[in-house]
1. Yes or no: segment A:89-99 includes at least one residue that is more than 10 Å from chain B (Cβ to nearest Cβ) and touching a residue at least 24 places away in the same chain (Cβ under 8 Å).
2. Please give the number of the condition A:Thr83 fails out of (1) out of contact with any Asp or Glu (no Cβ under 8 Å at 6 or more places or on another chain); (2) within 14 Å of chain B (Cβ to nearest Cβ).
3. Please list, ordered by first then second residue, the pairs with beta carbon atoms under 9 Å, 6 or more apart or interchain, first in segment B:141-158 and within 8 Å of another protein chain (Cβ to nearest Cβ), second part of a helix (DSSP H, G or I) and charged (D, E, K, R).
4. Give me the pairs, please: first residue somewhere in segment B:13-28 and closer than 14 Å to A:Asn12 by Cα, second residue anywhere and in a helix (DSSP H, G or I) and at pLDDT below 90, beta-carbon distance under 6 Å, and either six or more positions apart or on two chains.
5. Residues A:Lys9, A:Lys67: which one is of a type in the set (Lys, Arg) and closer than 30 Å to A:Leu196 by Cα?
6. Starting from residues that are away from chain A (no Cβ under 11 Å) and part of a helix (DSSP H, G or I), keep the ones in segment B:1-24 and report whichever is surrounded by the most Cβ atoms within 10 Å (Cβ to Cβ).
7. Would you confirm whether or not segment B:48-59 contains a residue that is of a type in the set (S, T, N, Q), touching a Ser or Thr at 6+ places or on another chain (Cβ under 6 Å) and either crowded, with 17+ Cβ neighbours inside 10 Å or assigned to a helix (DSSP H, G or I) (or both)?
Amino acid sequence: MDLQEAWKKLENDKLTKPVTGAVHIQKKSKHPVQKLKTAYLQTTGFSVLFLICFIALFFYFHEPLVKIGLVLVIISYIFFFITNFSMYRKINVVLPVDKSLKQALTHTHQFITDNIRFQKRVALFIYPVAGTAGFMMGGSIGGGNVEEMMQDPKVLLIAAIVMGVLTPLCYYMANWMYKISYGKCLVELQERIDQLEDPN
Amino acid sequence: MASEREFTNLIEQNRGIIFKVIRLYVHHEEDERDLFQEILFQAWRSFPQFKGDSKFSTWLYRVALNTVLTFKRRPQLVVPHEDLSLLKTSSGDKIQSEESEALYIAIRELNEIDRMIITLHLDGYENEEIAEISGLTKNNTAVKLHRIKETITKKLKML
């Protein structure tokens, strides 16, 4: 069989048939990188929402220790908001698609991996601070004196255990969610990079 | 500054390239539509960087391939080997246009990188150009191309 001849026929008969609904240039990307950008915007929105709630709670609670805890949470969330918003603004959904395939694949893989790693690190910093403040708020709502409560070694031990369980649990939950959202995409990108690097 | 009209005209003249890349890599109608739009989006946004050093068709081919291969697509549901058997009728006669159809199936059975290399080759690109588009070395391209041709020939002989 003459491959070139068969290819020409294939091109004419099948390959260049128009795609249904292919009519205009859209203004929005559906690329995984765009998905990350949207996720940053959503996280920024949520961090503003949580900030408002924590500020309201700051005025609701009167115990100094709870207030200190909430100030720490508010500072953390301001940091969370700034980092997320700056990442959102930095992300460029235009990929280096006019470079070589290897460059485009490596860039996309690296970009998604770096951003997930960044999000997880920031979250790891937020979980214990928010957890501790929540623990103290719980104590306050329960009617106890938070300052006395926090001096009790048993309560401190419970708080430490709760943080020790909650922080890694939240971290692994986030990890699992990222795996669901981007895991397959990253595996496929890596497979193609490996195929390109394979000498045979 | 590139104008939208200039871009649209160039796309109009070369849109067969986009359709071809999509037909070779996509298996779902929804993915086809999404990818067509995504390729146009990426091409339009990258168009200011197009300096005319290469032909527009080569540039668009590269953009289309890179977009498709970095995009998250739905998995292929059809088992390729089952497709090969469909080419033969019960009496063993082959259906019309069998050669091109067999080639299509053989190409679709290749891994995605090999598929790109062979289609560029069949479209008349030199090894040097394929190397530049893929990011492989020229030697590696030649080695891979030789192996891919052998694989395809073997598969086609099986029919």
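The values are calculated or read from the model by the stated rules, or taken from the named source; none is laboratory data. It should be emphasised that the depicted structure is a prediction, and the values quoted were computed from it without experimental measurement. Backbone-built Cβ (ideal geometry, glycine too); neighbour counts: all protein chains shown.
1. Yes - at least one qualifying residue is present in segment A:89-99.
2. It fails just one condition, (2).
3. Note: pairs meeting the criteria are B:Lys144/B:Asp114; B:Arg147/B:Asp114; B:Leu156/B:Glu99.
4. Close Cβ pairs (under 6 Å, with a partner that is in a helix (DSSP H, G or I) and at pLDDT below 90) amount to B:Lys20/A:Leu15; B:Arg23/A:Leu15.
5. Values: A:Lys67 fails: closer than 30 Å to A:Leu196 by Cα.
Sole residue among the options that is of a type in the set (Lys, Arg) and closer than 30 Å to A:Leu196 by Cα: A:Lys9.
6. Among those residues, the one meeting the criterion is B:Leu10.
7. no
Conditions tested, residue by residue: (1) β-branched (Val, Ile, Thr); (2) in a helix (DSSP H, G or I); (3) under 28 Å from A:Asp194 (Cβ atoms); (4) within 14 Å of another protein chain (Cβ to nearest Cβ).
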residue	(1), (2), (3), (4)
A:Val122	yes, yes, no, no
A:Val129	yes, yes, no, no
A:Gly134	no, yes, no, no
A:Val155	yes, yes, no, no
A:Met177	no, yes, yes, no
